[in-house]
Every structure is written in structure tokens, then in C-alpha cells.
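Have a look at the structure below, then the notes.
The values are calculated or read from the model by the stated rules, or taken from the named source; none is laboratory data. It should be emphasised that the depicted structure is a prediction, and the values quoted were computed from it without experimental measurement. When we count neighbours, we look across all protein chains shown, and the Cβ atoms used for this are built from the backbone with ideal geometry, even at glycine. Side chains included, ligands, DNA and RNA excluded: accessible areas come from the protein's heavy atoms. Shrake-Rupley method; radii C 1.70, N 1.55, O 1.52, S 1.80 Å.
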Amino acid sequence: MDTLAAPLTIAFDYTRSLGPVLGRFMAGLRERRVLGARTSDGRVHVPPLEYDPVTHEPVTDLVEVSPTGTVVSWTWNPRPVEGQPLDRPFGWALIRLDGADTPLLHAVDADELHTGMRVRIRWAAEGRGHIRDIECFEPGETGISEIAEDLEPVEIMTTPIRLHYQHTTSAEEDRYLRALEQGRIIGQRCPACRKVYVPPRVCPADGVAPDEVVEVADRGMVTTFCVVNVPFAGQRLTPPYVVAQVLLDGADIPISHLILGVEAGDVRMGMRVAAVWRDRSRWSTTPENIDHFEPTGEPDAPYESYAEHL
Amino acid sequence: MRRAAVLGTGQTEHRTRRTDVSMAGLCREAIDRALADAGTAWDQIDAVVLGKAPDLFEGVMMPELFLADAIGAAGKPLLRVHTAGSVGGATAIVATSLIRAGVHRRVLAVAFEKQSESNAMWALSIQPPFSAPITAGAGGYFAPHIRSYIRKSHAPEHIGALVAVKDRRNGALNPHAHLQQPDITLESVQRSPMLWDPIRYDETCPSSDGACAVVIGDQAAAEASSRQVAWIRATAMRTEPTFYSGKDHVNPRAGSTAARAVFKAAGIEDPLDDIDVAELYVPFSWFEPMWLENVGFVGQGQGWKLVESGETRIGGALPVNPSGGVLCSNPIGASGLLRFAEAAMQVMGRAGKHQVPGAATALGHAYGGGSQFFSMWVVGRQP
Amino acid sequence: MNTVAVVGFAHADTSLTTSGVETLVPVITAALADAGLGRREVDFWCSGSSDYLAGRAFSFVSAVDAIGAVPPIAESHVEMDAAWALYEAYLKILAGEAETALVYGFGKGTAGDLDRVLSLQLDPYTVAPLWPGAVSIAALQARLALDAGLFTEDDMARVAGRRAEGPYLSCPLREHDVARVADGVAAVVLAANDRARGLRERPARISGFAHRVDPQGLGERDLTTVPSAVAAARDAGVDGAVDVAALHAPFTHQELLLREVVRAGSYLPFGANAMFSAGLSRIGAAAGEVMSGRARTAVGHATSGPALQQNLVCVLEA
């Protein structure tokens, strides 16, 4: 049986602080110059090393190398993907720039590649202090551009990272979600400890798959809670609001949910609450079918009845 | 069992954004200081253990790989530990095992977090499909358990603020600490905004960039050291699930079990009497009384009384978090190792203005996940 | 000094749920049954996995649910292939801190685009922002080896039981040169030697276990000699040929490079690339050869990082 699955994209623009060596390297690229790191053995590393691999001392000596170099190794990328330097088929190559002792990796815009091929940097239209200031390499030669002034190091480079995943549910999650679609809440009982888990899952205390399916009530009690007064990244509601642990009648473990329809300051431990479902026409295989919980007006549950769930 | 000792420690200046350094630079600031403190040369390091919390924080998958060269691990064995918030402690413990197993003589343990590369709250609130959109933020997970503690122990409301005042004033004695608040008062903490009721702003940890490193050596390396070392008398790690029916979130079994194990192995019968200083992982002020009970310094419901009596200040019966603790600096992946390193610095007599006079035996403590991963060590002036 | 032996192994290369918990439960149970050990008799647990395979932070945390960790257990996790978790568990036993251990690895390699995800292992300032992909990086390594005359495309094809013909996937790599990406779970049970002999007639004793890492920069190391694998094999005491070796080589040219490092009478074919359990599975498979009596000496190998940056060698004997 195929269980429910859905896409998940995670994306963030990372802000990379560069430090003195990479900061100067990126500043060089912005000015269409390539700087290499000279280490104690006299070798020039491009891309630069921040620390000398032999002495472990910080690298301080940056020297300019040529924007032209030789292909040391290569491969062909027939199907470019999101984020790569070119959106048409291109080559990847390890390129040793003239004046450098180590090769760097970059894209080459050419119809064919071979080891020993001479290539030069094609600069991006506008430099911003980023490795992508090198748009790619292309066949040909070019000389060093002699600019004498000192470079102000780049402090931060921004790197967007965007990844796509397919999220797959377990058989138990799938069963739970399909019940929610029908307005029911189900749990499953652990065959070892007999506890009812909502949502159903492998029993974390016993490490065994659950068996008997148990329908639980859409009402229960608040065991404990917090009042969220603070805005933060990724938040969906406007503070203040109450997030509570709600122990549903018939379940042996609380779920986390919102308590609305009451002043935040009036929510209490032991308060009886019931689910408020969103309009039936919008039900689907999602926990969002339950919009929030609200007080029922029943007397509070005694402390002893939920103390073991704190 | 073979003996192991901390030969030296180092840490960065912890700040919200260390935009002056790269990730390698951040690690090296801590490592270079640890090597200097230990009197250890690069070629004496046999292996490196790196700890860090989620890779999504920096957007680098297994960053120890690209860092291998800069942190001196190239050509050597390199391990990468990740046990959530307890990872710094786990990193020190894995390094200790490398010595105790007789495999190596000197091991470098380093832990870091560069939170300013992204936003931890973003990384932690990624909502997988089919999950309930109930986001409460970092404090929102722990605030309900603090409420439970207050209900169970009948602690008065100002206890959390007392801890915050103590830790922030301790942090003002520690030049590395991120937050420097020598003038903080009970009243100013109580006036700060209520973020996740019952947690106020001044009772929460900051978000920091930072790193910590320690050099751990075998008995011969320790005996060859010209300076006082911190002998590792015992280590322990314990884990339980995030949630299970009947889990005690206030007094988690994994924490009490780890504490019993570490004290037994260290030959400590009465922790309150035998431990001179404790660095406990307290990201929200109320966790100090909770962990005092969980670790077994005092009985159930008594932790807040020890706090209220002032005995957890420097000069008290059990100084807790003389460094200022997590409440003053929180580079997540390094926070546990900072606790372990501070315990070592105290018994080595190298804690500067936050030195607890005469500290001979110290506890380092870290926890992570949903109060489920615990790591601890006991270090002493004597083996 | 304790010696340590492998006493149980189980794995599954089936499709995983995102958390992996449901697939871990039967594999952990099977490994314990193979070792004849009860769940509560395990002194130390250790696992290996990656948040970037799962696409979310702290993904290893829910996997603990598969253990049934009540009462609490001694446990740790590496953000590496679980072969390195096995090394951590081996240390605990050597140090006398545990007598038995269960190590597991898991990963849902098919949840995302693995080739693209692995770009994030590369230098985040100068390489990862180009998104070169793991297969392209491996192809650059293969080209260097071919140019150096170490082997031919035919030799590579023979590793996969194929011929060097048909279109390139990423020149000079063809489809058959690249292991299929898969989901996977593996579990290995370790015991101190005295205990091991009580558990099974023929435990696979670990006679050497070592790992090393090279600098990552593709221009900062010799991509064709794999220095970290050479050093790890030397440290682990690989001396002459073993009966059988299980190498963790996601690409055929890497299998050939590694065969130069670990000489064996035969090599167990590498199936699918189930990242974060694959390396542990190779050690489990090598141990299985010893435990079954098919081999007297065996090597299990694991790799991690771009172009064989990090390597681990475990030598097993009857």
C-alpha cells in the first residue's frame, strides 16, 4: 500500500561571514582579480587555504594569479539543475590557473573539453564579492589585469540553499490522517505496555509497532501549557496565544494544540477542552482539520488525574 | 580503567554575530587557545572529535569534512558527534573514550555553532507535511514543563529571576561570555517582557556564535604536563525518548540515571557535599532548580530552596554556573562543551575572576532534545 | 585489553518512511536475534545518520523511538555513516565501559535529490555555491585515474559486470559506474570477546579498526591514491591479502582505487548506495562471511565525503 506523501521544500539565504583570507579572495573576484594563498612551502593555493597545512599558522600572504589556466580534469554535465552556473549543457573542470599550484573547480562553457585545454575566466557582468563573480570559464587566454590598490575584504557572502524532498508517512500516520479526514481521531495501543498513543506510532517506551486501533474522544483536559507572547521566524499566529498539552479522553499521551475562545490568562492546568473542527467541506488528510481547542465549561479535572503526564 | 585528563581548554569570544571570522576561523580561535593552554603542539594531537548541532544551522552537510584541514584533522582520525543540545558534552566524552580505549595519547575535542549563518528558529520550525501547525518557538517547548515544575514543587514565582540575576552577574566576571550585564537586578528581570509565560526575556539564553575546544590526554601526557590538569574521574551519557506515556518531563529519568552513574563511577556519595562547583546546562533560568533535583544535589521539590538561599552563588555551598552558563552564551553545538570545559577550568584553578576558591571536584552537565539526551562528567584536581 | 567481535548483523534496503523508525524496529530486532542478545542486555547504543537526507533538523532524535529506551539507555549518535558509530561503540568496549553494543544506521536517500544534496558537503564558500553534484565530482576523480593510466573504462565496467558501451551519464562515468541511490537500514551487534564466544560459535573478531580523513580540497590531495584509505588500512593492520573484502565504493572507479589499497581473494559486490547505513552494511557483510565460516579473514570498508575523502577499515578474523 502506498502511504500518503507530499513535497517539502527547505530554503534559506545563508549569510556566510568570510574572515580575512576568504574575505580578500572574494574582494579580489569583485575586482576581477584572482588571489591565491601562498603557504610556507611556497605553494600557491587557489581557492585559498585559510590555514597552512604544514605549519597550521593562519595564511597571510595572498598573491595574484592569472585568470587563465589549464584543465587538469573534466566531466560533462548534460542536464544542468537549479543553482548551477549555466542553464545549458556545460563542462565541469578542475582548472590550474597560471601561477597557482592547485586547481579550482568551476564550470566551462565550451562545446567539448579535454585535459590540457587552455581556458580563461568569463566574469559576471557585476562583481559582488562572491565565487559566482566567476560566471564560468571559456576556451582562450587572457592576461592579468594590473590594479594596484589594496582591497577591502568582503565581510559576508549570501548563499541561497534550496532543497526539495518528498515526505512519506508511515502506515500508522497514514491511518491516522485518513481517519482525521472523516472527522475521527484514532490512536493505537502498544501490545507491550497497553498504552494508547495518539497519533499512533511505534511505542517509544517499548520499541514495538502498535496494534489495536482505538478511537479516542475529541475532548479532554489541559495538562500543562504556555502562553506565547513572542513573535519568531516561522510563526503562524499572532501572539498572544496558548499552546497546551491536551490529554484526550481515551489516550495515554497528550497532544500539543492551541487553546482559543478564552483569555490566555484564564487557561488553567486541568481545564476541560474540546476540539473545534474547521468546516467539514475543508476536511482532508491533515491535522489542520482541528482548528483549535476551546473550554467546555465542565469542572476542571483534579491534579491527580493528569499528574503522571507532566 | 585507564586514566584520562583535560590538559587544556580554549574558547572564543561568544557574540550574536561573529562576522569577523569564517567557520574555520571560529573553530581555530578556540583550538589555538586550547593547545596553548595545554602546552600541546599540533603534531602531538592524534585525533580530532568535532561536535555540532544540526547541519541546517550552517547550511553545510557534515562541515567537519571541509574543515578537516583547518582544524588539524587532515591525515588523522576525525569523528563528528551530534547528540542535539548535549552534543558538546558527548564530544568530550567520545574524546575521553579514545584515550581510555588506549587508542590515542592526546585527542582534540572541538565544538562550535555559527548561528548567524542562518536563523535557528527557522531551522527548528520547518514544518513537515501532515504535521500540526502548532508552533510555539524554542521556549514554547520548555515553558509548559517549567509550569509543571512550579505546580509540583510549589516554588515561588521569583526563583527563575533569582537564577537569571546570579548567572548574568557571573557572566560579567567572564570575559568570553556573550551577555555582559553586571548591573542586572531582580527587579529588572521581573520587568522584562514575558515571552513564553512563565519564561521572561531575561530568563532566556541568547543566540550566539562560538566555539570551545579541549585537549584530553592519557595518564602519561597528564603527568608530563607542567600545569595542573583536570583528571576525568567519570563520564556518563543516558538517553530516553522525547515523549512516551508517563514520561516525567520535570524530572527525566535519563538525567537522574546519568547522574547516579557518573557519581557512582567517580566515588561520590554525597554530591552536595563532595562536588565543589557545578556547570549545569540551564538555557532557561528555571532549569537550575529542576536540574539540582534531577542530578540529586537535593531532594524532589527542594531545588528552588537551594536557589533561594543563595547557596548556588560563587561563595555558596554549591556554586552553579560561575561562567554565567548557557544564560550568558549559547553557541548551541558548543554549549555543552563549554560546561565541561568550565568544570575543568575550575579544578585547574584557571577560571580567572569566576574562579570558585578551592574548587577540587566539579561537575560538567549538558542535555538536549526534549530533555532526553544527558551527558555529564566529574573532573578533579586529583585522579 | 579487551578484544571486540561482531556477533550479529541485519539490514534492509527497502523503502523507508521519512523518520525511518518503522523500518528500524524489525532490523534492530533481527540483529539482536542474530546475536542471541536481548534488547535490555545491550550496554551501549550508537547510530549514524544525516539531517540533510531527511530534510529536517534533529532527524535522528525520533529514531530513538525504535529502541524502546525506557528505562534510559547509554546512547550516542554520529552525523556520519554508521560505520563510524561502530567505531565509537568499539571504543566503549575497548575502554571497558560496555560489554555489548548495538549500532545502527539509516537514511532515506530517495527523499531528496541526493546528488544535489551532497553538494552541501563541499566547501561552502568556493565550491558548494556552484552546486556541482556528487556524480560530477566523482567523474573528475575517475578522469584523473584514467588519464594516469591506472585502469580503463572497460576495467570499470567489469566491476559492474558490464561492458564499456552506451552513453555517458557524467563522462567518463556511465550508468553502470554509479551505484543506485537507495534507502537503507543496517544494524550490527558487538560484544567483548569473552562474551562473544558465549553468544555464538564463530564470532567475527575485530583484529584492527582505523579511520582517517584527507583534506577536502580537490586540488589539495592526490585523488587517485586515496591516502586516507592507505593510512587507515595500515593502522588497521591490513597486511597482505584477506580472504574477502566488502568495499564501500559508490562508483566503479572507486572500487578499483580501493582494491589497490585492500587486497582480497574476492570482493563482495557493492549493491545500492544506501547512504549512512551502507558503510556499516559493508562491515556487517564482511563479518557475515567470517561468522558463516566462508572466510577466515575479511575486511569491511566505509567511505564518506566527496571523492573518497574519509575512509574506515575494519579487519575481521575467525
Legend entry - Residue among C:Ala57, C:Ala63 that is surrounded by fewer than 24 Cβ atoms within 10 Å (Cβ to Cβ), within 14 Å of chain A (Cβ to nearest Cβ), among the aliphatic types (A, V, I, L, M) and in a loop (DSSP other than H, G, I, E, B): C:Ala57
Legend entry - Unmet requirement for C:Pro124, which otherwise passes all of (1) over 30 Å from B:Met376 (Cβ atoms); (2) more than 7 Å from chain A (Cβ to nearest Cβ); (3) crowded, with 22+ Cβ neighbours inside 10 Å; (4) not hydrophobic (A, V, I, L, M, F, W, C): (2)
Legend entry - Residues of the stretch A:255-310 satisfying the condition of being more than 15 Å from A:Leu180 (Cα to Cα), away from chain B (no Cβ under 11 Å), in a loop (DSSP other than H, G, I, E, B) and touching a Phe, Trp or Tyr at 6+ places or on another chain (Cβ under 8 Å): A:Leu260
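For every residue, the table says whether it meets (1) surrounded by 23 or more Cβ atoms within 10 Å (Cβ to Cβ); (2) small (Gly, Ala, Ser); (3) within 7 Å of another protein chain (Cβ to nearest Cβ); (4) in contact (Cβ under 8 Å) with a residue 24 or more places away in the chain.
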| residue | (1), (2), (3), (4) |
| --- | --- |
| B:Ile99 | yes, no, no, yes |
| B:Ser118 | no, yes, yes, yes |
| B:Trp122 | no, no, yes, no |
| B:Ser148 | yes, yes, yes, yes |
| B:His154 | no, no, no, yes |
| B:Ala161 | yes, yes, no, yes |
Inset, instruction - Can you confirm whether the stretch B:102-113 contains a residue that is in a loop (DSSP other than H, G, I, E, B), surrounded by fewer than 21 Cβ atoms within 10 Å (Cβ to Cβ), facing another protein chain (nearest Cβ under 7 Å) and in contact with a Leu (Cβ under 9 Å, 6 or more places away or on another chain)? - result: yes
Inset, instruction - Look through the stretch C:74-96, keep the residues that are among the hydroxyl-bearing types (Ser, Thr, Tyr) and either touching a His at 6+ places or on another chain (Cβ under 9 Å) or part of a strand (DSSP E or B) (or both), and return whichever of them is nearest to C:Leu247 (Cα to Cα). - result: C:Tyr87
Inset, instruction - Please state which of the following conditions B:Thr40 fails to meet, knowing it meets all the rest: (1) touching a Gly at 6+ places or on another chain (Cβ under 8 Å); (2) not in a loop (DSSP other than H, G, I, E, B). - result: (2)
Inset, instruction - Could you run through the stretch A:221-236 and say how many residues are facing chain B (nearest Cβ under 8 Å) and under 30 Å from the mean Cα position of the chain (by Cα)? - result: 11
Legend entry - Wholly enclosed strands (runs of 3 or more DSSP E) of the stretch C:165-235 bearing at least 2 residues touching a residue at least 60 places away in the same chain (Cβ under 8 Å), within 30 Å of C:Glu22 (Cβ to Cβ) and away from chain A (no Cβ under 14 Å): C:183-192
Legend entry - Total residues in the stretch B:74-97, condition at positive phi and open to solvent by less than 10 Å² (accessible area, probe 1.4 Å): 1
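Here's the yes/no breakdown for (1) in a helix (DSSP H, G or I); (2) within 14 Å of another protein chain (Cβ to nearest Cβ); (3) of a type in the set (Phe, Trp, Tyr); (4) over 18 Å from the mean Cα position of the chain (by Cα):
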site: B:Ala258; (1), (2), (3), (4): yes, yes, no, no
site: B:Ala261; (1), (2), (3), (4): yes, yes, no, yes
site: B:Ala265; (1), (2), (3), (4): yes, yes, no, yes
site: B:Asp273; (1), (2), (3), (4): yes, no, no, yes
site: B:Val282; (1), (2), (3), (4): no, no, no, no
site: B:Val298; (1), (2), (3), (4): no, no, no, yes
site: B:Gly301; (1), (2), (3), (4): no, yes, no, yes
site: B:Thr312; (1), (2), (3), (4): no, no, no, no
site: B:Gly316; (1), (2), (3), (4): no, no, no, yes
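Name the residue, out of C:Asp239, C:Asp194, that is assigned by TED's automatic domain parsing to the domain that holds C:Asp81, over 18 Å from C:Phe9 (Cβ atoms) and open to solvent by 10 Å² or more (accessible area, probe 1.4 Å).
Values: C:Asp239 fails: assigned by TED's automatic domain parsing to the domain that holds C:Asp81.
On inspection, the qualifying residue turns out to be C:Asp194.
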Legend entry - Per-region count, the stretch C:70-91, residues in contact (Cβ under 8 Å) with a residue 24 or more places away in the chain, farther than 20 Å from C:Val4 by Cα and within 14 Å of chain A (Cβ to nearest Cβ): 1
Legend entry - Qualifying residues in the stretch C:179-191 (those that are open to solvent by 10 Å² or more (accessible area, probe 1.4 Å) and aliphatic (A, V, I, L, M)) - the one farthest from C:Thr29 (Cα to Cα): C:Ala179
Legend entry - In the stretch A:196-212, the residues that are open to solvent by 10 Å² or more (accessible area, probe 1.4 Å) and either in contact with a helix residue (DSSP H, G or I) (Cβ under 6 Å, 6 or more places away or on another chain) or over 16 Å from A:Ile253 (Cβ atoms) (or both): A:Pro199, A:Arg201, A:Ala209, A:Asp211
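Within the stretch B:21-30, does at least one residue satisfy the condition of being within 10 Å of chain C (Cβ to nearest Cβ) and basic (Lys, Arg)? Step through it out loud before you land on a result.
Kept after step one, since they are within 10 Å of chain C (Cβ to nearest Cβ), are these residues of the stretch B:21-30: B:22-24.
So of that shortlist, the ones also basic (Lys, Arg) come out as none.
Scanning the stretch B:21-30, I find no residue that is within 10 Å of chain C (Cβ to nearest Cβ) and basic (Lys, Arg), so the answer is no.
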Inset, instruction - Evaluate the stretch C:66-78: report whether one residue or more is under 19 Å from B:Leu98 (Cβ atoms), among the charged types (D, E, K, R) and open to solvent by less than 10 Å² (accessible area, probe 1.4 Å). - result: yes
Inset, instruction - Kindly establish whether C:Thr126 is under 24 Å from A:Thr168 (Cα atoms), of a type in the set (Ser, Thr, Tyr) and assigned to a loop (DSSP other than H, G, I, E, B). - result: no
Inset, instruction - Could you please find all residues in the stretch B:207-225 being within 24 Å of B:Cys27 (Cα to Cα) and either free of Cβ contacts under 8 Å to residues at least 40 places away in the same chain or under 14 Å from the mean Cα position of the chain (by Cα) (or both)? - result: B:Ser208, B:Gly210, B:Ala211, B:Cys212, B:Ala213, B:Val214
Inset, instruction - Considering only residues that are more than 17 Å from the chain's Cα centre (by Cα) and closer than 23 Å to B:Val165 by Cα, look in the stretch B:325-354 and name the one that is surrounded by the fewest Cβ atoms within 10 Å (Cβ to Cβ). - result: B:Lys353
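May I ask you to verify whether A:Glu135 is under 25 Å from A:Arg43 (Cα atoms), open to solvent by 10 Å² or more (accessible area, probe 1.4 Å), out of contact with any helix residue (DSSP H, G or I) (no Cβ under 8 Å at 6 or more places or on another chain) and among the acidic types (Asp, Glu)? First the steps, then the outcome.
Numbers: under 25 Å from A:Arg43 (Cα atoms): no; open to solvent by 10 Å² or more (accessible area, probe 1.4 Å): yes; out of contact with any helix residue (DSSP H, G or I) (no Cβ under 8 Å at 6 or more places or on another chain): yes; among the acidic types (Asp, Glu): yes.
No.
Listed here are the residues, each with its yes/no results for (1) touching a helix residue (DSSP H, G or I) at 6+ places or on another chain (Cβ under 7 Å); (2) of a type in the set (S, T, N, Q); (3) within 30 Å of B:Gln180 (Cβ to Cβ); (4) away from chain A (no Cβ under 13 Å).
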site: B:Asp209; (1), (2), (3), (4): yes, no, yes, no
site: B:Val214; (1), (2), (3), (4): yes, no, yes, yes
site: B:Asp218; (1), (2), (3), (4): yes, no, no, yes
site: B:Glu223; (1), (2), (3), (4): no, no, no, yes
site: B:Ala230; (1), (2), (3), (4): yes, no, yes, yes
site: B:Thr235; (1), (2), (3), (4): yes, yes, no, yes
site: B:Arg238; (1), (2), (3), (4): yes, no, no, yes
site: B:Phe243; (1), (2), (3), (4): no, no, no, no
site: B:Asp248; (1), (2), (3), (4): no, no, no, no
